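Visitor: Please find one structure pasted underneath; my questions will follow.
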Amino acid sequence: MPRQAVIDETGKRHGRLTVIERVENVDGGAARWLCRCDCGKHTLATGRQLRAGSKKSCGCVNVGRWPRVLQKRYPKIWRDESVVNVEDLEDIAQ
Ligand SMILES: [Zn+2]
């Protein structure tokens with residue numbers, strides 16, 4: 001069977017992440033990318049995570065920005081990095 005073509009993510013932005021280069025595949029064979037977050041940290045994400053929007057930062061966003069009251073009210077969403085900021089959360093919560 002032919003391998004699935006890898007979508008080149010180099011240079012693309014996903015949320016706060018900018019894709020720098022492809023790195024070694026994950027064990028399952030999915031393409032993995034080195035990304036730089038707007039905060040300056042680096043993180044790894046698969047192409048699927050990036051395109052699905054399930055990884056939009058190195059994880060820094062939710063930790064710092066969410067008011068404690070909202071963290072308590074929406075703990076699941078808070079831990080999910082797909083929510084980049086509180087404005088997004090308010091859309092989801094409605
Ligand atoms: Zn970050």
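Visitor: For segment 16-53, name all the residues that are in a loop (DSSP other than H, G, I, E, B) and touching a helix residue (DSSP H, G or I) at 6+ places or on another chain (Cβ under 8 Å). Talk me through it step by step, then tell me what you get.
Guide: Going residue by residue through segment 16-53, those that are in a loop (DSSP other than H, G, I, E, B) are 16, 24-31, 38-41, 53.
Selection gives R16, A30, A31, C39, K41.
Visitor: Taking segment 37-64 on its own, how many of its residues are surrounded by 14 or more Cβ atoms within 10 Å (Cβ to Cβ) and at pLDDT below 75?
Guide: Counting residues in segment 37-64 that are surrounded by 14 or more Cβ atoms within 10 Å (Cβ to Cβ) and at pLDDT below 75 gives 2.
Visitor: Among all residue pairs at least 6 apart or on different chains, which show Cβ distances below 8 Å where the first residue, located in segment 20-35, is at positive phi and the second is loosely packed, with under 15 Cβ neighbours inside 10 Å?
Guide: Pairs that qualify, where the first residue is at positive phi and the partner is loosely packed, with under 15 Cβ neighbours inside 10 Å, are G29/R3.
The values are calculated or read from the model by the stated rules, or taken from the named source; none is laboratory data. All values derive from a computational prediction rather than experimental measurement. All Cβ positions, even for glycine, are placed from backbone atoms using ideal geometry, and neighbour counts span all protein chains on display.
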